[in-house]
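Here's the structure we're looking at; comments come further down.
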Amino acid sequence: MDTLNSVIVDINSVFWNWLLIPLVIVTGVYFTARSGVVQLRLLPEMFRVVAEKGTPAADGKRSVSAFGAFSISAAARVGTGNIAGVATAISVGGPGAVFWMWAMATLGAASAFVESTLAQLYKRPEHEPGTFRGGPAYYMQYGLRRRWQGLIFAVVITVTFGFVFNAVQANTIVATSRASLSALDGDWFPALVGLLLVLLLGVVIFGGVRRISRITEVLVPVMAMVYLLLGIAVVALNFSDLPRVLADIVGGAFGLREVVGGGIGVAVTQGIRRGMFSNEAGLGSSPNAAAAADVSHPVKQGLVQSLGVYFDTLLVCSITAFIILTSDPDLSERHSADLTQTALHTTLGSWAGHVLTAVVFMLAFSSMIGNFYYGRSNIEFITDHPRLLTVFRVLVLCAVFGGALGSVALIWNLADVFMGVMALVNLTAILPLGAVAVRLLADYHAQRRAGADPVYVHRPEIADPAGVACWQTRRD
């Protein structure tokens, strides 16, 4: 088993470092240039559109709002990777890795804009009135006419998010709970926690997309606020160390010592890779949530999901970095999540470890909800047969229970490979379709310059009307 795991790690490193990371960088630069730096230029507009409410559906219920879709995607983005992932990047790549996470988020926000705008354009109506589904599989079929590519993507993302990542999240909840509740620990403890997670998640995932949206709309802000308050408290108590931390981050990214010692390469690799895992820009996951929103123009969800990248990396991940680096940790031991745990314990006291356990639970549980939705949307792309969706729900719950019981080192490394394949399939789709998103952005700008709240009526010169189902087509 150890040999197999080593082989997977080696394959994964070559795949990401020599193919995927360069491709993601090139794609981000390309879309930044084509869109006129949309991810920075329209930052105020992002905050305006994320506050828009969903419109009432035919059954009288409110549809999924822009913020609701933002919450679903944030639920999947903001997970244990924001704590363990950032800590690992710092422990392996040094403080300079944080700078490259920031850089990747800024570039990746342009790719996130394009993929989520495309997801809105090519979305399809759901069974529930006023709800929608879509994502990369849908714009591969209806935008590129490549159903075969959409099927590959749908299978990969369903396995990666629906099963593997949910198992990892459950395992993380068990690990942190055992640390905080050591007096109650026993052989029965993982099974008990796993059963509790199955019951809680089952209530949510058998409740439909509106219930997913309502749960995450409440859970994500609470989760983020508690963790941000912890981080602000740590930074405030170590405020005098902040200039040193910022100097370490910038110096670690460009310092002469790092260049000579080869450490800058590790910092770049760790920062970019962990940044991509955290904010998922360009990976093809968040467009599945973007397609669920009921908005008046596809560009609005492109802007909302770009904001989600900033929320994840520039805010939540940065707080983790500051928590760790203000405590001036010994990075030679190369620990991961325990860096965050130790930093909180050192600065705030032992009670902070218990609070972090609660935060990890909320992060991981909300991620499981978002991960399920991604798999559900893609199962429905493969087939509308209701029994398969029921089987998928049951298998997700089984994966959660299994993850609570077992070790997931091998599964996590396999997930890296699956996620890398998912990103590769998605990037090869959004590169040729990017021109459609740019034309949509021009239409949005024209209406904003006229003083209107943009409302999209599809025109054949933007994209083939045969692939567009949820937008009224203008007939001149």
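The values are calculated or read from the model by the stated rules, or taken from the named source; none is laboratory data. Source: prediction; values computed, not measured. For neighbour counting, all protein chains shown are included, and Cβ atoms are generated from backbone atoms with ideal geometry for every residue, glycine included. Surface areas here come from the heavy atoms of the whole protein model, side chains and all, with no ligands, DNA or RNA. Shrake-Rupley method; radii C 1.70, N 1.55, O 1.52, S 1.80 Å.
Taking all protein chains together and a probe of 1.4 Å, list 10, 248 from the most accessible to the least accessible. Intermediate results must be reported in sequence, preceding the final value.
Details: 10 100, 248 60 Å².
Final ranking, largest accessible area leading: 10, 248.
In a shell of Cβ-Cβ distance under 13 Å around residue 143, excluding residue 143 itself, what net charge do Lys and Arg (+1) and Asp and Glu (-1) give?
Values: positive: 123, 124, 145, 146, 147, 439; negative: 115, 464.
Around residue 143, the surrounding residues sum to +4.
Taking 0.36 nm per intervening residue step and subtracting the Cα-Cα distance, what contour gain separates residue 92 from residue 383 on full extension? Show your work: numbers first, answer last.
Working: separation 291, 0.36 × 291 = 104.76 nm, distance 4.29 nm.
Length gained, residue 92 through residue 383: 100.5 nm.
For labels at residue 350 and residue 445 in the simple 7 Å Cα→Cβ model, what's the distance in nm?
Modelled inter-label distance: 6.0 nm.
Quick one: 3J(HN,Hα) in Hz for the stretch 40-51, Karplus 6.51/-1.76/1.60 with θ = phi - 60°, rounded, Gly and Pro as x.
Coupling constants for the stretch 40-51: 10, 5, 10, 4, x, 5, 4, 5, 5, 6, 5, 8 Hz.
Report the calculated FRET efficiency for residue 47 and residue 453 (r = Cβ-Cβ distance, R0 = 22 Å), to the nearest 0.05.
Values: r = 15 Å, r/R0 = 0.68.
E(calc), rounded to 0.05, equals 0.90.
Please list, in order along the stretch 241-251, the HN-Hα scalar couplings obtained from phi with the Karplus expression 6.51 cos²θ - 1.76 cosθ + 1.60 (θ = phi - 60°), rounded to whole Hz, x for Gly and Pro.
8, 4, x, 5, 4, 5, 5, 5, 5, 5, x
Would you please give the residues with an amide H less than 5 Å from that of residue 132, counting only those at least 5 places away or on a separate chain, with H modeled from the backbone geometry?
126
Could you tell me, in Å, what Rg and Dmax come out for the Cα atoms of the stretch 379-473?
20.6, 58
Run the dipole for the stretch 435-476 about the Cα centre, Lys and Arg Cβ at +1, Asp and Glu Cβ at -1, nothing else charged, and hand back the magnitude in debye, nearest 20.
Details: 6 positive and 5 negative charges, 20 e Å.
The calculation lands at about 100 debye.
Of the listed peptides 44-52, 238-246, what is their order by residue-averaged count of other C-beta atoms within 10 Å, with the highest listed first? Please list the in-between numbers first.
Working: 44-52: 16.1, 238-246: 14.1.
Averaged packing, sorted descending, gives the order 44-52, 238-246.
I need the calculated FRET efficiency for the pair residue 30 and residue 195, taking r as the beta carbon distance and R₀ as 51 Å, to the nearest 0.05.
Details: r = 48 Å, r/R0 = 0.94.
Approximately 0.60, to the nearest 0.05.
Based on the Cβ-Cβ distance of residue 37 and residue 244, what FRET efficiency does E = 1/(1 + (r/R0)^6) give at R0 = 41 Å, to the nearest 0.05?
Working: r = 32 Å, r/R0 = 0.77.
That pair, residue 37 with residue 244, gives E of 0.85.
With charges set only on the Cβ (+1 for Lys and Arg, -1 for Asp and Glu), what does the dipole of the stretch 82-156 come to about its Cα centre, in debye to the nearest 20? Walk me through the intermediate numbers first.
Working: 6 positive and 3 negative charges, 70 e Å.
So the magnitude is around 340 debye.
Calculate the spin-label point distance for residue 228 paired with residue 4, positioning each point 7 Å from the Cα along the beta-carbon direction, and give it in nanometres.
With each label placed 7 Å out from Cα toward Cβ, I get 4.3 nm.
Could you tally the net charge around residue 45, taking each other residue with its Cβ under 13 Å from the Cβ of residue 45, Lys/Arg +1 and Asp/Glu -1?
Values: positive: 41, 48, 300, 448, 449; negative: 52, 453.
So the environment of residue 45 carries a net charge of +3.
Given the C-alpha centroids of the stretch 412-476 and the stretch 136-208, what is the distance between them in whole angstrom?
Result: 28 Å between the Cα centres.
May I ask you to derive the relative contact order of the stretch 384-476, considering only C-alpha pairs under 8 Å and at least 6 residues apart, and to give it as an integer percent? Spell out each step's value before the answer.
Details: 25 pairs, mean separation 14.1, N = 93.
Contact order relative to length: 15 percent.
Quick one: what are the phi-derived ³J(HN,Hα) couplings along the stretch 102-109, Karplus 6.51/-1.76/1.60 with θ = phi - 60°, whole Hz, x for glycine and proline?
Going residue by residue, I get 4, 4, 5, 5, 5, 5, x, 4 Hz, with x marking Gly and Pro.
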